[in-house]
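Notes for the one structure printed next.
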Amino acid sequence: MHRVDVLIIGAGAAGMLAAAEAGKRGRRVLLVDHAKKAGDKIRISGGGRCNFTNVNTSFKQFLSENPRFAISPLKRFSAQDFIGRVRQRQIAFHEKTLGQLFCDESAQLIIDMLLDDLRDAGVELRLKTNVHRVQKTGDRFVVELDDEQVEADKLVVATGGKSIPKMGATGFGYDVAQQFGLRVVETRPALVPLTFDQSTLAPIKELAGVAIDPARVSHGKTRFDEALLFTHRGLSGPAILQISSFWREGDQIGVNMLPGMDLFAQLRAARQENGKRAIQTVLSQHLPKRVVDFVLETQQLGGNLADISDKKLKSLATAIEQWMIKPTGSEGYRTAEVTLGGVATDELDNRTMEAKKVPGLYFIGEVVDMTGWLGGYNFQWAWSSAWVAGQAV
Ligand code: FDA
């Protein structure tokens, strides 16, 4: 039997950072993953440039039964702490928008940094390794891998969520939690494109490929001013991904294609200034032409401003500023960036990420019921929760 101090399952963002931290503290650490490579989601993240954190990270950008659970981990290993490591490694990065930090070159540089940390900390990394069974006997964990059994004092589950099964995502972490009697908050795909029925989709299909940046997309009181993208399957882009985490079946979402503008007032002023201008020309100053054509067609409008009544201008402004649509679903785990829900925070101690009922068992990263908005928050949660566990195991 192979004996280690700490066995970590899942060599993604959280698993790698936690393993390196524990290794640095002199623990004998084995890190296993069934995938061929470590940190595969980091590689594809942020369009290949990894939005590795957000300078504005706080618990307020997280969805969870108890977002405040994140306060202490996010404070103890903050966005600035991770940025410090990126700087020290001389990885060039830039702020894209809204505090989001991306690598200038490639996400692979973040993976390489973490792999080097693992090596320097003496962590044993085993890839292409399946975990068949987890048991606890006495105060030790016995874990059955493909070719051997491992005995560990501490077991850290860092297997992420269910998003993108093609990349090796599984519900393993939730199963382990349930096996040990821990509550798991119902999971659902989040940060995911939304889909529509044929009658809604047919008219907007011709807009596929068009972006509105920014659009204000809202659900109840929650709203995001970010880019919206029309696709062949429905709506996507950052604004839609953000709202998808809040949307529930049966709900409508609102789209304001011209946030921060009083369109009705603007159109009236334009009419007064020069009524001979075509409505299409005026609107095209603010919106992509294909969107303008689509809206004018649905409103059965055209011609010069002078010929359009206040009532019609008002109705046009409403159609653009308060477009209400009802998604029928989402693209699901196949394309979702993250998974909402997970191991309930009240089962865990946020000073260590250890299960309160099961000494020695830890959960970190996305498998926990702590889901960030789009914008680098999810990686920061992975780093912060992993660091905390890394100091404790
Ligand atoms: P992660 O999923 O990274 O790692 C889990 C590991 O466990 C994987 O290596 C997996 O193979 C392994 N595993 C799973 N089941 C197993 C089993 N049964 N046995 C053994 N191993 C198992 N976030 C962000 O902040 N900025 C960004 O730019 C992006 N971009 C982005 C793009 C895309 C396309 C996706 C899908 C996601 C993002 N994210 C993101 C989200 C981010 O990738 C995610 O929140 C973190 O990777 C979560 O880190 P974890 O380590 O918790 O899980």
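Throughout, read-outs are computed from the coordinates displayed, never taken from laboratory work. Since the structure is predicted, the reported quantities are computational estimates derived from the model, not experimental observations. Ideal geometry is used to build each Cβ from the backbone, glycine not excepted, and the neighbour counts take in all protein chains shown.
Per-structure values
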quantity	calculated
Cα centre as origin, Lys/Arg/Asp/Glu Cβ charges: the range 193-330 dipole, Debye	200
Virtual paramagnetic centre 7 Å along Cα→Cβ of residue 148, amide N under 18 Å, in the range 115-134	122-134
Label-point separation, residue 273 to residue 81 (7 Å along Cα→Cβ), nm	5.3
Per residue, the convex hull volume that the Cα atoms of the range 298-393 enclose (Å³)	174
Distance (nanometres) between label positions extended 7 Å along Cα→Cβ at residue 233 and residue 208	1.2
Estimated vicinal HN-Hα couplings, Hz - the range 37-43 in sequence order (Karplus 6.51, -1.76, 1.60; Gly, Pro = x)	10, 7, x, 4, 6, 5, 4
Gained length - residue 36 relative to residue 252, 0.36 nm times residue gap less alpha-carbon distance	73.6 nm
Whichever lysines have a C-alpha closer than 23 Å to that of residue 276, once near sequence neighbours (fewer than 8 apart) are set aside	289, 311, 312, 314
Amide H contacts under 5 Å for residue 277, placed H, 5+ residues apart	305, 306
Estimated inter-spin distance, residue 108 and residue 346, nm [label 7 Å along Cα→Cβ]	4.7
Reference-scaled alpha-carbon Rg (2.2 N^0.38 Å with N residues) for the range 184-247	1.15
Principal axis dimensions, the chain - Cα atoms, whole angstrom, descending	85, 42, 34
Distant-in-sequence amide H partners of residue 330 (H built 1.01 Å from N, under 5 Å)	195
Cross-link pairs 75/136; 24/154; 60/96; 166/326 - those with Cα-Cα distance over 27 Å	75/136; 166/326
Alpha-carbon Debye profile of the range 193-330, log10 I(q)/I(0) at 0.16, 0.17, 0.20, 0.21 Å⁻¹	-0.80, -0.89, -1.16, -1.25
Whole-angstrom gap from the range 324-360 to the range 165-180, using each part's C-alpha centre	11
Residue 126-residue 170 FRET efficiency (beta carbon distance; Förster radius 22 Å; 0.05 resolution)	0.85
Net charge over other residues, Cβ less than 9 angstrom from the Cβ of residue 237 (K, R count +1; D, E count -1)	-2
